[in-house]
Amino acid sequence: MDICSDKCINEEKVKKTIKTIPPREDIEQMADIFKALSDPSRLKIVLALLHQEHCVCDIAVICQQSDSAISHQLRILRTLKILKNRRDGKSIYYSIDDDHVISLINMSLKHVRH
């Protein structure tokens, strides 16, 4: 089994590691991001926006979903600051919020392909 046969806690290592763990609020926000990206529909939207911005209509075609379904997913991704939007006349264009999201997606893709 994958457990210690003897209970031997290395207090120094444990204390050092505990200091590196972020506060609970940060952990919860991180978990929310991973939950959002664990949905294949939302992940596909993020992948579609990885290299250029698109409006809802474009994203709906790319993801083969209705505008309404895409709008719902975009709202979730915007709330978590994974995506941002900008208005140009009557159209709203969506893009990745920052380079951290791009790095996270690229690292995940590299890991999967490794």
Q) How many lysine pairs in the chain, separated by 8 or more positions in sequence or lying on different chains, have Cα atoms less than 24 Å apart? A) 12
Q: Multiply the residue separation of residue 64 and residue 14 by 0.36 nm, subtract the distance between their alpha-carbon atoms, and state the gained length in nm to one decimal.
A: 13.2 nm
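For segment 1-66, what ratio Rg/Rh do Cα atoms give with a Kirkwood hydrodynamic radius? It would help to have the intermediate numbers written out before the result.
Details: Rg = 20.7 Å, Rh = 15.9 Å.
Result for segment 1-66 is an Rg/Rh of 1.30.
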Q | Bins of 5 Å from zero: percent of alpha-carbon pairs in the chain | A | 2, 10, 17, 18, 14, 10, 8, 6, 5, 4, 3, 1, 0, 0
Q: Only loop residues by DSSP count here, and only those with at most 11 other Cβ atoms within 10 Å; note down the trypsin sites (Lys or Arg not before Pro) in segment 32-114 that meet that.
A: 90
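When 43, 83 are ordered from fewest to most other Cβ atoms inside 10 Å of their Cβ, what list results? Present the calculation step by step, with values, prior to reporting the outcome.
Numbers: 43 16, 83 22.
Lowest to highest Cβ neighbour count: 43, 83.
Every number here is computed from the coordinates shown, using simple stated rules; none is lab data. As the structure is a prediction and not an experimental result, all values here were calculated from the model. Here Cβ is always computed from backbone atoms with ideal geometry, including for glycine, and neighbour counts include all displayed protein chains.
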